[in-house]
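The structure under discussion appears below in the form of structure tokens.
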Amino acid sequence: MAEGYHLGRLGGTGYCRAGAGPALVLIHGVGMHAGFWAPQMAAFASRWDVVAYDTLGHGSSALPPQVPTLDDYAAQLLALLDGLGLARVSLVGHSMGALVALEFALAHPERVRAVVPMNAVYCRTPAQRSAVAARAAALRAGAGELGWRQAAIDRWFGAPVPPEQLETAAWVGAALATVDPVGYARAYGLFARADAAHEGRLGSLAMPALFLTGEEDENSSPAMSRRMADAAPQGRAVALPGQRHMMSLAAPGVVNDVLGRFLDETVLLQAAQ
């Protein structure tokens, strides 16, 4: 563990914490763990109290129920914030973590200063829904580990993986290799069926929201982000040129610059109110 970083476990949830200042909580996607956010923790711990944690079924956290809901993941986050004494936070969630961040922000608006759903899914097309449902079914049936891992890397980075992304893709593959297969299958099943969970609800999102994705992310597309931003009263959408699903690892400098400007702006805005 790097100096200044604290690893802990609270009520069945593993987490990493570093820095001081306004609280910033980072929520990873399916198959990852808190270490996914290492570039963001390193960038923001100089001026934020940054917490990255393992969602249910990942890392050192407890398994979710057999058929989990977003409420289960939001309840995990609420218990962690209460346990750490964090009354109000900014949230950044990636992929399924974006769905968790939105669910929490809608259920507990008084606890959220700003929210960044990154590479989020929203109201998939029938073809997209069919493809992700098939992947979820294969996981439930115990499909070969190497097959689904390679398929995920191909979706997230492209096939073949660009040479400049080989090291990042290898890290992602190693993370996927360590995930609990039961936790992964349960979480992925939720991810497959929760893309419309916030349809018709984003009009009540009560804080600034940045819907951030990559221009080349086909499954968490710029069109999805624009639709979510249009529905949220304080929403805005940004699609980063040349980026795909794992852009926070693949291009951390670009992502951190956009995140930093948005998060700093929301802190200043609310301090002035």
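The numbers here are math on the coordinates, done by the rules we state, and not lab data. Predicted, not measured: the structure shown is a model, and the values here were computed from it. When we count neighbours, we look across all protein chains shown, and the Cβ atoms used for this are built from the backbone with ideal geometry, even at glycine.
A few notes on this one:
- Extension gain, Asp71 to Val258: 0.36 nm times the residue separation minus the Cα-Cα distance gives 64.4 nm.
- Cβ crowding within 10 Å averaged over residues, with 19-32, 156-169 ranked highest first: 19-32, 156-169
- Bridge type composition, the chain - antiparallel percent by DSSP, nearest 5: 30 percent
- Take the Cα of Ser60, go 7 Å toward its beta carbon, and the backbone nitrogen atoms of region 173-197 under 16 Å from that spot belong to 179-180.
- Spin-label pair Ala138/Ala87, simplified geometry with 7 Å Cα→Cβ offset, distance in nm: 4.9 nm
- Rounded if a/c under 1.5, otherwise prolate or oblate - region 185-266, Cα gyration tensor axes: oblate
- Here each label is just a point 7 Å from Cα along the line to Cβ, and for Gln128 and Val182 those points are 3.2 nm apart.
- Across region 161-170, rounded Karplus estimates of 3J(HN,Hα) from the backbone phi angles (6.51 cos²θ - 1.76 cosθ + 1.60, θ = phi - 60°) give 5, x, x, 6, 10, 4, 5, 5, 5, 5 Hz, Gly and Pro being marked x.
- Mean ellipticity per residue at 222 nm, deg cm²/dmol - from DSSP H runs of n ≥ 4 across the chain, formula -39500 (n - 2.57): -14000 deg cm²/dmol
- Once backbone amide H atoms are built at 1.01 Å from N, Leu24 has Asp49, Val50, Val51, Ser90 as its partners under 5 Å, excluding neighbours fewer than 5 places away on the same chain.
- For region 5-77 versus region 170-205, the gap between their alpha-carbon centres in whole angstrom: 14 Å
- Shape call, the chain: gyration tensor on alpha carbons, a/c limit 1.5: rounded
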